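J.: Sending over a structure as structure tokens; questions will come in a sec.
The values are calculated or read from the model by the stated rules, or taken from the named source; none is laboratory data. Everything quoted here is computed from the prediction, not taken from an experiment. Here the Cβ positions follow ideal geometry from the backbone for every residue, glycine too, while neighbour counts run over all protein chains shown.
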Amino acid sequence: MKLFSLIILAGTTFFGCWGKKSNNQMETTNADTSVLYKKYHLDKIKLPPGFSISVYAEVPDARSITLSPSGILYVGNRSEDKVYAVADENKDGRADKVYTLAKGLNTPNGVAFKNGNLYIATISQILKLEGIESKLANPPAPVIVYDKFPKDTHHGWKFIAFGPDGKLYVPVGAPCNICEKHDPVYSSITRLNEDGTGFEIFAKGIRNSVGFAWHPATKNLWFTENGRDMMGDDIPGDELNTAATTGMHFGFPYCHQGNTLDPEFGKGKKCEDYTAPIRVLDPHVAALGMRFYTGNIFPAEYKHQVFIAEHGSWNRSEPVGYKISLVKLDAAGKSSGRTDFATGWLQRDGKVLGRPVDVEVMPDGAVLVSDDYSGAVYRISYKK
């Protein structure tokens, strides 16, 4: 007889089956790689010469991803309520097992790993699965780390990651398309210790960030930001920003893309008073996950350059995004250009084949891409 438990954590209810081995493992499909290639329309994806793409794993609603030192990939959900672990046990570039680690969570979009524990961001809480790597087949109940984030669902889903300072960084989006909130926690990136103490606001004036990383050399925080809607098809652009110190203000809701005052909230303000983006991206592309390329198998010109997952526009008259873009940086860390890297998830006739959410660099130098539209994680590799 299995031991069922009902756990209530600060207003969030979890139903689970713990104590004995639970049936939470999904064997990955036995389909031939060519079958998966066709199933996910990967023949339509265009990459630079020498690059190839394949299916790494099938994961429902695959959103933000993080990799543990042992090579386990953790995957969050936004439209669903689960968190997964993906294992490539034979290291052949294709996952062997997918485990369901938690169910019934409130938009568990963000995942981060540290000291053997998996941290999960829901709308208003940070949860932790302790010692998870030895318990993938029988995961423990989530433990609350912090539960004082706002409960707003508008821009309430979160990307999280641990910084070089050992702190967990957590964004809090604006609960609106455009508004001015007096509670300073909104439109910010916050940080706290791994035990939930030491909460503080690190950066502000950020409408909504769903992806960030630290520069491999300078260790400064870089992040994507989604621009506001309802100002037309072509303005404002999404942004790629960097914050070298705490307390910087990036303009929202007063100034957009570093040079455009908001028609309502920008009155009496000056864009020069706020930090401008490193790079203005295309408008409404929904720039989400980003990573610096730190692997060794891509050509040398990709080293420490920025890959960005553009999830794709939702209300533009002509859709844009739905691709992986590459922001090029010079030796001083300034943007020297932007180009498309992986395209084809948006076809010329407007048909959508996928929506990239996050990117992650693997130990072997390949890059993983999550896709919540198709429920898959792809692997992009390079061979001369």
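J.: Given 189, 178, which one is surrounded by 21 or more Cβ atoms within 10 Å (Cβ to Cβ), modelled with pLDDT of 95 or more and either touching a Ser or Thr at 6+ places or on another chain (Cβ under 6 Å) or of a type outside the set (Phe, Trp, Tyr) (or both)?
T.: Checking each option against the conditions leaves just 189.
J.: For region 239-289, which positions are more than 28 Å from residue 163 (Cβ to Cβ), in a loop (DSSP other than H, G, I, E, B) and either in contact with a Leu (Cβ under 7 Å, 6 or more places away or on another chain) or of a type in the set (Val, Ile, Thr) (or both)?
T.: 269
Conditions tested, residue by residue: (1) of a type in the set (A, V, I, L, M); (2) out of contact with any strand residue (DSSP E or B) (no Cβ under 6 Å at 6 or more places or on another chain).
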| site | (1), (2) |
| --- | --- |
| 192 | yes, no |
| 201 | yes, no |
| 234 | no, no |
| 245 | no, yes |
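J.: Restricting region 141-175 to residues that are charged (D, E, K, R) and in contact with a Pro (Cβ under 8 Å, 6 or more places away or on another chain), which is surrounded by the most Cβ atoms within 10 Å (Cβ to Cβ)? Full working, then the answer.
T.: In the first step, residues of region 141-175 are kept if they are charged (D, E, K, R); the result is 147-148, 151-152, 158, 165, 167.
Filter once more, keeping what is in contact with a Pro (Cβ under 8 Å, 6 or more places away or on another chain): 152, 158.
Details: 152: 16, 158: 29.
Here the residue is 158.
J.: Could you grab me the full set of residues in region 133-168 that are β-branched (Val, Ile, Thr) and over 21 Å from the mean Cα position of the chain (by Cα)? Explain how you work it out, then say what you get.
T.: Going residue by residue through region 133-168, those that are β-branched (Val, Ile, Thr) are 143-145, 153, 160.
Selection gives 143, 144.
J.: Can you list the strands (runs of 3 or more DSSP E) found entirely within region 84-131 that contain at least 3 residues being of a type in the set (A, V, I, L, M), farther than 17 Å from residue 159 by Cα and touching a residue at least 24 places away in the same chain (Cβ under 8 Å)?
T.: The qualifying strands (runs of 3 or more DSSP E) are 97-102.
J.: Residue by residue through region 317-366, note down the ones that are among the β-branched types (Val, Ile, Thr) and part of a strand (DSSP E or B). Walk me through how you get there before you give the answer.
T.: Of the residues in region 317-366, the ones among the β-branched types (Val, Ile, Thr) are 320, 324, 327, 339, 343, 352, 357, 359, 361.
Result: 324, 327, 339, 343, 352, 357, 359, 361.
J.: Suppose we keep only residues that are of a type in the set (Phe, Trp, Tyr) and under 19 Å from the mean Cα position of the chain (by Cα) within region 339-383. Which one would you say is surrounded by the fewest Cβ atoms within 10 Å (Cβ to Cβ)? Talk me through it step by step, then tell me what you get.
T.: Initially, region 339-383 is screened for residues of a type in the set (Phe, Trp, Tyr), giving 341, 345, 373, 378, 382.
Cutting the leftovers down to under 19 Å from the mean Cα position of the chain (by Cα) gives us 341, 345, 373, 378.
Working: 341: 21, 345: 26, 373: 18, 378: 26.
Across region 339-383, the extreme among qualifying residues is 373.
J.: Can you confirm whether residue 373 is assigned to a loop (DSSP other than H, G, I, E, B) and aromatic (Phe, Trp, Tyr)?
T.: So residue 373 fits the description; yes.
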